[in-house]
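Colleague: Dumping the structure here so I can ask a few things about it.
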Amino acid sequence: MSTLPSFPSATVEFNVLHDALHAGDDPKLAAAKAVAAGRGETIEEPTSFTGKSKTDLLRIAKAENVELPDNATVPVIIDAIEQARTAKLVESTGIADAPPSAPPAEIAADVSAPDATTGD
Amino acid sequence: MSRKANEIAFALKMQTAPSAYDSPNTTTDLQPISNLQFSIAGVTVANNEYTGSVHRNGDDLAGKTVSGSFNVYLRPPGGADVPAADAFPLGRILKAAKFSEVRTTTAIPAAAAALGVGSDATHAVLGTAAGTTDDLYKGMALILSDIATPLYDRLTAVRHYAGTAKSAELMEVLGAPPAANYQIPKQLSFQRDMTQADAPLLSTKLWLGGVRYDLMDFNVSGHRWSLPVSTRDSATQPMLEVSFTATIYAYADEAAPTVPALGPVPLFKDGKFWVAGKAVGGSSMAVDFGLRVAYPPNPNYTDGSEPGELVESKTTVNMDRKAYLKAQFDTLAMADGQAYYGVFAQWGYTGGRMVQIVVPDARFNYQSPQVGQDFITEQGDMWVDALSRNVCLNFPYF
């Protein structure tokens, strides 16, 4: 189960958020993309890692200051780079965990009464 | 020639950095305001030196504070489409009061689609295009095609959204379960920002009878929505009451620009007013955001303080509402129970000219009966806790 994070006091493009969620993005990343779009920025998709050698990936990780464990495997390096990029984007857009949503409350009024929709 | 009190105009722009004035455009950044109070007050310190007589020297002048307040009519943006990002000047005030401007520029789905299975009078199960993230549509406007005949009455709002079941709990109780189509319409929404980030500052121009004040580090220090019900006996525009503090960046003699007429303000009537799952009668509702701003001391600044920062906000909803029989609407029991209940107001008739106010969860304080007039009414607060998207303002387009 995933929950939408809190947005900052900025413009948020909801359709960008919705599309990103539909494409499988984590909600925080999707929200960060929506805030960036609100600023008029286009978030470039991460460079495709397909076909890159371990040496290439290590070079990218170094250039982006991504810390890696000793003897990191290719999947670990790719995962670390992607997580670092997400964290950077989320931080730069002010996305934060949302406070909890309230549990659903019971409807207390007698809503079956004939006056239920007009307030009479 | 005298300076005239009606020659007032106001323009505002988001300020990109503290203490860096960004000049608003005198045409596109204008925002009509009313009931302006503007104060320039000296900060003084008493001179306690003896003068050898009973006579004392005057105070030393340490600086000045600039503060004030005004009202802004709650007029939707209008037009056929959601305005561009940050193009709605009223939205800038809301952002400075810690709201996110959420633009839904394409309806979701683009064409109304069939509801899923399992809707009831308080829940709409959305269709296949709906997202699976919890809270995704919380506080947003929703169109259900078969709940009313007039288009504007088909609008309702989402109280909670459970992503796994695609179930949208509604802010109202329907006469029958919805069974046709749904759509999240295009809308410009302002959702409460619950992050720890500081609210942004504004740069403004205020023309006051031939003098223009450029106000920097303009901080919304008080914010209240006043929503009086317009009746056959009296009508009042819904409005935002805004208090502010600022610093004078510059000032000069300059005539106020012409503020264009933006048309009538939709009145709070012929709409929906639901509290705790019941359509209620009443004469007014207000949302007070209980803002408190403080100024960090800093001798590097002209007046010894940094620009104001929001340090507290405690939101309450207050209303003057009909008092009902215990069997109909038992506020005493609801206050005893301290459960959460929704508060929902909606009015207007056409897309881009409608207003929705959505408070998904509020708790009752005890409501006090009022017997001074023709009808028995109840007055009292409802508390809005620090929950996700706890107050939302929507301008739907359809």
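Colleague: Starting from the stretch B:377-398, keep only residues that are closer than 27 Å to residue B:182 by Cα and more than 11 Å from chain A (Cβ to nearest Cβ), then list their pairs with residues that are crowded, with 20+ Cβ neighbours inside 10 Å and of a type in the set (D, E, K, R) whose Cβ atoms are within a distance under 6 Å, requiring at least 6 positions of separation or different chains.
Modeller: Matching pairs, first to second residue: B:391/B:192; B:397/B:186.
Colleague: If you don't mind, there's one more thing I want to ask. Which condition breaks for residue B:84 when tested against (1) buried (at least 20 other Cβ atoms within 10 Å of the Cβ); (2) hydrophobic (A, V, I, L, M, F, W, C); (3) closer than 30 Å to residue B:10 by Cβ?
Modeller: Failing condition for residue B:84: (1).
Colleague: On the basis of being among the charged types (D, E, K, R), without any contact (Cβ under 8 Å) to a residue 60 or more places away in the chain and in contact with a strand residue (DSSP E or B) (Cβ under 7 Å, 6 or more places away or on another chain), does residue B:326 make the cut?
Modeller: No: the conditions fail for residue B:326.
Colleague: Does residue B:133 fit the bill of being polar (S, T, N, Q) and in contact with a helix residue (DSSP H, G or I) (Cβ under 6 Å, 6 or more places away or on another chain)?
Modeller: Yes: the conditions hold for residue B:133.
Colleague: Quick one: would you say residue B:278 is among the charged types (D, E, K, R), in contact (Cβ under 8 Å) with a residue 12 or more places away in the chain and surrounded by 21 or more Cβ atoms within 10 Å (Cβ to Cβ)?
Modeller: Yes; evaluated as a whole, the condition is true for this residue.
Colleague: Shifting gears a bit: When the residues of the stretch A:10-29 are filtered to those that are in a helix (DSSP H, G or I) and at the interface with chain B (Cβ under 8 Å from one of its Cβ atoms), which remaining residue is nearest to the chain's Cα centre (by Cα)? Step through it out loud before you land on a result.
Modeller: Quick first cut of the stretch A:10-29, residues in a helix (DSSP H, G or I) only: A:14-22, A:27-29.
Adding the requirement that they be at the interface with chain B (Cβ under 8 Å from one of its Cβ atoms) leaves A:14-15, A:18, A:21-22, A:27.
Details: A:14: 12, A:15: 13, A:18: 11, A:21: 8, A:22: 12, A:27: 4 Å.
For the stretch A:10-29, the residue satisfying everything is A:27.
Colleague: Consider the stretch B:1-37. How many of its residues are without any contact (Cβ under 8 Å) to a residue 24 or more places away in the chain and in contact with a Pro (Cβ under 6 Å, 6 or more places away or on another chain)?
Modeller: Number satisfying all stated conditions: 0.
Colleague: Still on this model: If you scan the stretch B:103-130, which residues turn out to be outside any loop (DSSP other than H, G, I, E, B) and either in contact with a strand residue (DSSP E or B) (Cβ under 9 Å, 6 or more places away or on another chain) or of a type in the set (S, T, N, Q) (or both)?
Modeller: Residues satisfying the conditions are B:103, B:104, B:108, B:109, B:110, B:111, B:112, B:113, B:114, B:123, B:124, B:125.
Colleague: For the stretch B:26-62, name all the residues that are closer than 23 Å to residue B:241 by Cα and of a type outside the set (Ser, Thr, Tyr).
Modeller: B:29, B:30, B:31, B:32, B:33, B:35, B:36, B:37, B:38, B:40, B:41
Colleague: Then there is this: Determine whether residue B:294 is in contact with an Asp or Glu (Cβ under 8 Å, 6 or more places away or on another chain) and closer than 20 Å to residue B:246 by Cβ.
Modeller: Here the answer is yes, as residue B:294 does meet what is asked.
Colleague: Among what's in the stretch B:119-163 and is small (Gly, Ala, Ser) and within 11 Å of chain A (Cβ to nearest Cβ), pick the residue that is farthest from residue B:184 (Cα to Cα). Spell out how you get there, then give the answer.
Modeller: Looking only at the stretch B:119-163, we keep the residues that are small (Gly, Ala, Ser), and these are B:119, B:121, B:124, B:127, B:129-131, B:139, B:141, B:145, B:148, B:157, B:162-163.
Those left that are additionally within 11 Å of chain A (Cβ to nearest Cβ): B:121, B:129-131, B:139, B:148, B:162-163.
On the way: B:121: 18, B:129: 11, B:130: 9, B:131: 11, B:139: 11, B:148: 16, B:162: 15, B:163: 15 Å.
Here the answer is B:121.
Colleague: Looking at B:336, B:330, B:374, which is the one that is surrounded by fewer than 20 Cβ atoms within 10 Å (Cβ to Cβ) and more than 14 Å from chain A (Cβ to nearest Cβ)?
Modeller: B:374
Colleague: Out of curiosity, is residue B:166 on the phi > 0 side of the Ramachandran plot and within 14 Å of chain A (Cβ to nearest Cβ)?
Modeller: Considered against the rule, which asks whether it is on the phi > 0 side of the Ramachandran plot and within 14 Å of chain A (Cβ to nearest Cβ), residue B:166 comes out as yes.
Colleague: Kindly check whether there is at least one residue in the stretch B:304-324 that is surrounded by fewer than 22 Cβ atoms within 10 Å (Cβ to Cβ), at the interface with chain A (Cβ under 10 Å from one of its Cβ atoms) and part of a loop (DSSP other than H, G, I, E, B).
Modeller: Checked the stretch B:304-324: at least one residue is surrounded by fewer than 22 Cβ atoms within 10 Å (Cβ to Cβ), at the interface with chain A (Cβ under 10 Å from one of its Cβ atoms) and part of a loop (DSSP other than H, G, I, E, B).
Colleague: Does at least one position in the stretch B:244-266 carry a residue that is surrounded by fewer than 17 Cβ atoms within 10 Å (Cβ to Cβ), under 16 Å from residue B:19 (Cα atoms), small (Gly, Ala, Ser) and in contact (Cβ under 8 Å) with a residue 24 or more places away in the chain?
Modeller: Scanning the stretch B:244-266, I find at least one residue that is surrounded by fewer than 17 Cβ atoms within 10 Å (Cβ to Cβ), under 16 Å from residue B:19 (Cα atoms), small (Gly, Ala, Ser) and in contact (Cβ under 8 Å) with a residue 24 or more places away in the chain, so the answer is yes.
All of the numbers you see were taken from the coordinates with simple rules; none came from a lab. Source: prediction; values computed, not measured. Here the Cβ is made from the backbone with ideal geometry for all residues, glycine too, and neighbour counts use every protein chain on show.
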